[in-house]
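Q: Quick one: the structure is below, questions incoming.
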Amino acid sequence: MKPYVICHMLGSVDGKIKQDIWGFKDHHKYFEEPAAKIKADAWLVGRVTMQEFSSKKIPAKKSVSIRIPKVDFVAKQPAKKFAVVIDPSGKCYWDTNMVSTEHVIEVLTEKVSSAYLAHLQEKNVSYIFGGQAELDLKLVLEKLNKLFGIKTVRIDGGGHVNGSFLKAGLIDEFSLVLAPVADGTIGALSVFEAEKGYGKRKATIFTLKSVKKIYDDFLWIRYIVAKGKKL
Ligand SMILES: NC(=O)c1ccc[n+]([C@@H]2O[C@H](COP(=O)([O-])OP(=O)(O)OC[C@H]3O[C@@H](n4cnc5c(N)ncnc54)[C@H](OP(=O)(O)O)[C@@H]3O)[C@@H](O)[C@H]2O)c1
């Protein structure tokens, strides 16, 4: 079974997502407080976003004498909530298997080395394989459900991970905290980085689920993906 997928983001009125020039005193709260109101068993981010939470110490390269088979590893651990990272080449290192109260699950391809798998096993971090060289995101979601019982996933960015799930047609709902700022940086990351240029792909159309004014000048807009709808 595929879990229900809600993508949640904080964006400027021009759809940018990096807050470098927005001048907010506490930009985390505008993302985190609405996010905490969305019921989900797991949050999922791209490798770049997760590197803000993973270890800053990259261990010295070790070679391991045994070849560790490329099979899913479900760590024994008590947590019921999960922090999932799309990390195809294994670039995130861990001091612990938790981010806050959530158990870490690495989503890998079979490109990763035995030394990297040994690191994850040593830290008791769970991992699943989503493909040989490229990820099959539908398979990834199905494994998250089957191996960890995850029924709802909140995708928390960044733009590339959102874009790849959008392009694969796997997002059911989009939750946008619309910040009252125009960023204006040409080429800056946007909410959905799916594809360069205009090809055959059509835009994803939403229907409005709810809209709420928050923190005086922000809007929290929730949309449902309207499969097959034309405007
Ligand atoms: N405003 C907000 O609400 C918000 C929320 C989250 C993050 N952010 C910001 O967004 C920025 C990061 O966004 P980002 O788009 O650069 O990075 P990202 O989406 O966090 O991570 C992108 C990386 O994830 C891996 N990845 C994602 N989708 C994949 C797929 N389908 N197949 C294989 N690999 C895949 C790749 O890793 P490899 O490169 O290792 O192959 C890719 O380079 C940060 O500045 C962060 O602060 C903002």
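The values are calculated or read from the model by the stated rules, or taken from the named source; none is laboratory data. Fair warning: this is a prediction, and the values are worked out from it, not measured in the lab. Backbone-built Cβ (ideal geometry, glycine too); neighbour counts: all protein chains shown. Heads up: the accessible areas ignore ligands, DNA and RNA and are worked out on the full protein's heavy atoms, side chains in. Shrake-Rupley method; radii C 1.70, N 1.55, O 1.52, S 1.80 Å.
Q: Go through region 127-141 residue by residue and turn each phi into a ³J(HN,Hα) via Karplus (6.51, -1.76, 1.60, θ = phi - 60°); whole Hz please, and just put x for glycine and proline.
A: For region 127-141, the Karplus curve yields 8, 10, 9, x, x, 6, 10, 10, 8, 9, 5, 5, 4, 4, 4 Hz.
Q: In square angstrom, what is the accessible area per residue of the chain with a 1.4 angstrom probe?
A: 56 Å²
Q: Quick one: pull the percent of accessible area on the chain belonging to carbon and sulfur, 1.4 Å probe, ligands and nucleic acids left out.
A: Carbon plus sulfur share of accessible area: 55 percent.
Q: Related question: Gap in Å between the Cα centre of region 126-141 and the Cα centre of region 154-186?
A: Taking the Cα centre of region 126-141 as reference, the centre of region 154-186 is 21 Å away.
Q: Taking 0.36 nm per residue of sequence separation and subtracting the Cα-Cα distance, how much length would be gained by fully extending the chain between residue 201 and residue 182, in nm to one decimal?
A: Difference between extended and current length: 4.1 nm.
Q: Here is a follow-up. What's the magnitude of the charge dipole for the chain around its Cα centre, counting Lys and Arg as +1 and Asp and Glu as -1 at the beta-carbon? Answer in Debye, nearest 20.
A: Taking the Cα centre of the chain as origin, the dipole is about 620 debye.
Q: Right, something else. Taking 0.36 nm per intervening residue step and subtracting the Cα-Cα distance, what contour gain separates residue 101 from residue 81 on full extension?
A: Additional length available on full extension: 6.5 nm.
Q: Can you tell me the relative contact order of region 1-99? Whole percent, Cα pairs under 8 Å, sequence separation 6 or more.
A: RCO, region 1-99: 35 percent.
Q: When the Karplus curve 6.51 cos²θ - 1.76 cosθ + 1.60 is applied with θ = phi - 60°, which whole-Hz ³J(HN,Hα) does each residue of region 205-217 get, with x for Gly and Pro?
A: My calculation for region 205-217 gives 9, 10, 10, 6, 9, 6, 9, 9, 7, 10, 6, 6, 10 Hz in order.
Q: Would you pull out the residues with amide H under 5 Å of residue 105's amide H, same chain only if 5 or more places away, H placed 1.01 Å from N?
A: Hits under the 5 Å cutoff: 83, 84, 85.
Q: Rounded if a/c is under 1.5, else prolate if a/b is larger than b/c, else oblate: which is region 50-140, with a ≥ b ≥ c the root eigenvalues of its Cα gyration tensor?
A: Cα axes put region 50-140 in the rounded bin.
Q: With a 1.4 Å probe and every protein chain left in place, tell me how much accessible area residue 47 has, in Å² to the nearest 10.
A: About 70 Å², rounded to the nearest 10.
Q: Moving on to the next point. Can you give me the angle between helix 27-36 and the longest principal axis of the chain, using Cα atoms only, in degrees from 0 to 90, rounded to the nearest 10?
A: With both axes taken from Cα atoms, the answer is about 80 degrees.
Q: With +1 on each Lys and Arg Cβ and -1 on each Asp and Glu Cβ, how big is the dipole of region 3-88 about its Cα centre, in debye rounded to the nearest 20?
A: The dipole magnitude comes to about 500 debye.
Q: Okay, which of region 92-131 sit inside 11 Å, backbone N to the point 7 Å along the Cα-Cβ direction of residue 57?
A: Only 94-96 fall inside the zone, counting backbone N under 11 Å.
Q: Taking H placed 1.01 Å from N in the peptide plane, check which residues at least 5 places from residue 206 or on another chain put their amide H under 5 Å from its amide H.
A: It is 226, by chain and number.
Q: I want to check the label-to-label distance for residue 142 and residue 217. Put each point 7 Å from Cα in the C-beta direction and report it in nm to one decimal.
A: Here the modelled spin labels are 4.8 nm apart.
Q: Which value in nm describes the separation of the simple spin-label points at residue 224 and residue 133, placed 7 Å from the Cα toward the beta carbon?
A: Distance between label points: 4.1 nm.
Q: Still on this structure, I have one more. Once you keep just the Cα pairs under 8 angstrom separated by 6 or more residues, what percentage relative contact order results for the chain?
A: About 30 percent, as a whole number.
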